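All of the numbers you see were taken from the coordinates with simple rules; none came from a lab. For clarity, every value in this text was computed on a predicted model and none was experimentally measured. All Cβ positions, even for glycine, are placed from backbone atoms using ideal geometry, and neighbour counts span all protein chains on display.
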Amino acid sequence: MSASGAEVLRSEEEARILVVDDEPEVVALLADSLRQANPSWCVETETDPQRALERLAVEDFDCLITDLVMSPVGGLRLAREARSLDENLALIAITGRGTLENSIEAMRVGFADFLQKPFDLEETSQAISRTLRQRRQKEKRDLRFAELAQAKTRLQTEHAQLSQKLDIATHDLVLSSKRMARQMDELALGAHVATVLMGVIELEDLLGLCAELLGDRIHCRTGTVAPYETRENSVGLLVRAYPETDDPPALSWLRTPIDAGVMCRAAQTGKTIHVEDIEASSLLDSQERELWHDGRLLVVPISRQGLTVGLAVLHRLSHDEDFTANDTKHLMELAKIMAPAIQTAKLHHRQRCCIYASLETIAETVEDRNDYLKGHSVRVQAYAMRIATTLDLHQSQIGAVQIAARLHDIGHIVIPESAVNHPGPLSDEQWAIVRRHPDVGAAFLKPLDFFGEVGEIIRAHHESYDGTGYPHRKAGEEIPAAARVITAADAFDAMTSHRPYRGALGIEEAREQVRRLAGQQFDPRVAEVFLNIPAEALADVQAGNR
Ligand SMILES: [Fe+2]
Ligand SMILES: [Fe+2]
């Protein structure tokens, strides 16, 4: 019986026993004795060992009791072959004239007991019961072992499945962790960048920072940021960063605003535009083609509350790798961070422009009261800017010169009409009022702190380098550099303009005066730079603003 066959066990007492001996009397005697000893036993007999072997192959027996010495098949062979068919078959040997050698071999084959002829019935019955009990126990052990083996296999399968699930879960977890870390990093960057950007109020500074940010975060040849003017539907200012060089971002105020092209299309549609080949594309306008000759562009609108406030543009060369979906996503995220800062800075910038325009109007109105002064501040601004851009002044100082030159005489507003158009020399009292105009001009701008040092420049535009000027007799480096520039420009324009009490000097005569007064009224370095301006350029300024 096989281990699986043992699953259908008979009761403990029931058993099928095959008794084999080539002596019929022995077989019959033993079989009868066993049937009497235990009626639950089904005892079969066989005197032909070959026939017994055949029956063992097709029938189920619990116990084989066989003589060891038989012909033509011996008991040992019979037992070996029977065991090969049922490894749990209980084996009991009948020995009459058995030898020690036979006994040892029989034990190797698996015989559990030996019955000596003539049989003691009691002893024989006990031996069979004991052997059968051993067989049952072994079958139970085998069954238990088989169940354990099955359970082990099942556990191994479940373990393998769980391991696989665990591996997948771990993999997912690692990916999620990395993704989360990246998002945290981006969020931290976003928060950090947003804080920095919102701290920058000056539009130009902010745009420069944004352009540098693009180049730092996404590979490109240039990163460009441009505020978009929704009223004019145009781009008038661009800041370009060059991440592969040490050059600072370049700011360009466009003389002719770009009101068509790829940037305007992105701004108006609010959609990202990917230009794969600039040369082949029909989207760019002529000014954009001058900015980006060839290669590829990624243009993303910078939007805030549904309104396009600017544009972010990345440029790569043709042989660079093309922009990916990840680049687009990244650029859109950066644009989202920039949007509130740019919107705020634009608002501030616009307010300042409006205030500046109002002050310009006041300055012009004041100038217009006197025919001899018309166009004065515009010319002073032009001369001063020629000097300022040649001198090694900081960009912010050049900006201050530009504004201060235009507004430098706004304090004339306190000069009464009678003094403005006075035909002869002014009285002491009138001069006292005129000398107040630098302080009045400075007071005008004082509440407008975003004009920075412009007020102090205006206050100092009549000071002399040697300390003999007014209103505070400052000298040399005490006078702001921008004011020293305006002093030269202002004096040159006054010299070359008609007055009721004198004629205008020619350009060369006036230049001679500037040369003569260098180190006295004028800063020698400023005078030197001014005297290097070609006479034709000075004449052009005069001709354009009379
Ligand atoms: Fe003045
Ligand atoms: Fe002036």
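Cα centroids of region 289-337 and region 140-171: 56 Å apart.
Between Glu509 and Ser358, the simple spin-label model (points 7 angstrom out along Cα→Cβ) gives 4.3 nm.
For Lys474, the aspartates and glutamates whose Cα comes closer than 13 Å to its Cα, not counting residues fewer than 8 places off in the same chain, are Glu456, Glu463, Asp466, Asp523. Here the residues Ser40, Ser377, Ser71, Ser103, ranked from fewest to most Cβ neighbours within 10 Å of their Cβ, fall in the order Ser71, Ser40, Ser103, Ser377. By the compact-protein rule of thumb, 2.2 N^0.38 Å, the alpha-carbon radius of gyration of region 369-544 corresponds to a ratio of 0.97. If you look at the Cα atoms of the chain, you get an Rg and a Dmax of 55.9, 172 Å. Between region 375-399 and region 430-484, how many Å separate their Cα centres? Each part's Cα centre sits 16 Å from the other's.
Straight-distance candidates among the lysines for linking to Lys346, with alpha-carbon spacing under 26 Å and chain neighbours fewer than 8 residues away dropped: Lys271, Lys329, Lys336, Lys446.
Each of Gln305 and Arg473 was given a label point 7 Å from its Cα along the Cα-to-Cβ line. The distance between the two points is 5.6 nm. If R0 equals 45 Å, the separation of the Cβ atoms of Thr157 and Ala57 corresponds to a calculated FRET efficiency of about 0.80. Each residue, Ala443 and Thr230, gets one label point 7 Å from its Cα in the Cβ direction; the gap between the two is 4.1 nm. Helix screen, the chain: DSSP H segments with Cα axial length of 24 Å or more and mean Kyte-Doolittle hydropathy at least -1.0 are 121-198, 325-368. Across region 367-404, the residues whose backbone nitrogen lies under 11 Å from the label position 7 Å along the beta-carbon direction of Ala537 are 383-391.
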